[in-house]
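So the structure is just underneath, and the comments pick up after that.
Laboratory data are not the source of any read-out in this text; all were calculated from the coordinates shown. It should be emphasised that the depicted structure is a prediction, and the values quoted were computed from it without experimental measurement. With ideal geometry, Cβ positions are generated from the backbone for all residues, glycine too; neighbour counts draw on all protein chains shown.
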Amino acid sequence: MKADLEMVKAVLSGARKVVALTGAGVSSESGVPTFRGQDGLWKQHRAEDLARPDAFAAHPELVWEFYNWRRGLVGKCEPNPAHFALAKMEEQVPEFLLITQNVDGLHGLAGSRKLMEMHGSLWRVRCTVCTHAREDRSELSDVPECPVCGHMLRPGVVWFGEPLVPGVLRLAIERISGADVFLSIGTSSLVQPAASFFQLAKDHGAVTVEINLEPTPNSGFMDFALHGKAGDILPELVKMR
């Protein structure tokens, strides 16, 4: 892998437009639970069954209890070297965009500003009726109310069965289509539309790089596949300048 690592560093050193996509693997290195499979059980509920608009409509107290529990866990986690390396990469590359599927807010804490949180954030709340939305890291009540209209607030995340925030996908496609280098980091490459981003980048001439603990379904199609901890690999890549 050493040779590939050096080649990726060389490619990045000459790149002007870089898009990085991050997934749960980056957060797991900070101790953030993935909430998938058996590990995703909470009081005998699957996370996928609670992170749904119909679940919130039927049992808002239960869903908020789950999200307050998640906020409590994630709030104890800190950015790891991968998060800080991506913030550094933002400083080094003239046109950089970090797209994350994670909702834990750790990229922002690490200093990333050119950041698109595709699936929202655990630390945002928004009204179910009016346009009120805010970042709120305080301990919330069981079912918090909107200070503007009095209706229920909900977590500011994209749930299963919901579309992305309008404009997010369009901007992602636009920036990926113009990238010199596309990095896929810590993602299983199973969830659409993000799983297809690498192909969009490749079709438009970008060098594609996978950084993941284990091979993914996309590994064989990437120009470079670096397997190992993102927290070990990314700091090496930002030593390029």
query: Rounded to the nearest 0.05, what FRET efficiency do residue 95 and residue 170 have when you use their Cβ-Cβ distance and R0 = 22 Å?
result: 0.80
query: Which whole-number percent gives the relative contact order of the chain, counting Cα pairs below 8 Å spaced six or more residues apart?
result: 26 percent
- line: Per the rule of 0.36 nm per residue minus the C-alpha distance, extending residue 204 to residue 52 adds in nm 51.2 nm
field: Qualifying GluC sites (Glu not before Pro) in the range 121-197, DSSP loop, other Cβ atoms within 10 Å at most 16
entry: 139
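Taking a temperature of 10 °C and a viscosity of 1.306 mPa s, what whole-number D in µm²/s does Stokes-Einstein yield for the chain with Rh from Kirkwood over alpha carbon pairs? All intermediate terms of the calculation are to be shown ahead of the outcome.
On the way: Rh = 18.7 Å.
Using the Kirkwood radius from Cα pairs, D works out to 85 µm²/s.
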- prompt: Can you give the FRET efficiency for residue 59 and residue 16, using 1/(1 + (r/R0)^6), R0 = 45 Å, r = Cβ-Cβ distance, to the nearest 0.05?
  reply: 0.35
statement: Quick note, the range 142-241: a/c under 1.5 would make it rounded; otherwise a/b > b/c is prolate and the rest oblate (a ≥ b ≥ c, C-alpha gyration tensor); here it is prolate
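Wrap a convex hull around the Cα atoms of the range 83-167, take a quarter of its surface area, and give that in square nanometres.
Quarter of the Cα hull surface area: 6.6 nm².
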- request: Select from 143, 209, 103 the residue whose mean-square fluctuation is largest in a Gaussian network model of the chain (Cα-Cα springs shorter than 10 Å).
  value: 143
- request: Obtain the nm distance between the two label points defined at residue 177 and residue 113 by a simple spin-label model: each point lies 7 Å from its Cα along the Cα-to-C-beta direction.
  value: 2.8 nm
Inter-probe distance in nm under a simple model that places probes 7 Å from Cα toward Cβ, at residue 4 and residue 214: 1.6 nm
- request: Tell me the label-point distance for the pair residue 143, residue 221, using the 7 Å Cα-to-Cβ offset, in nm and rounded to one decimal.
  value: 4.4 nm
- prompt: To the nearest 0.05, what FRET efficiency results for residue 232 and residue 129 with a Förster distance of 41 Å applied to their C-beta separation?
  reply: 0.30
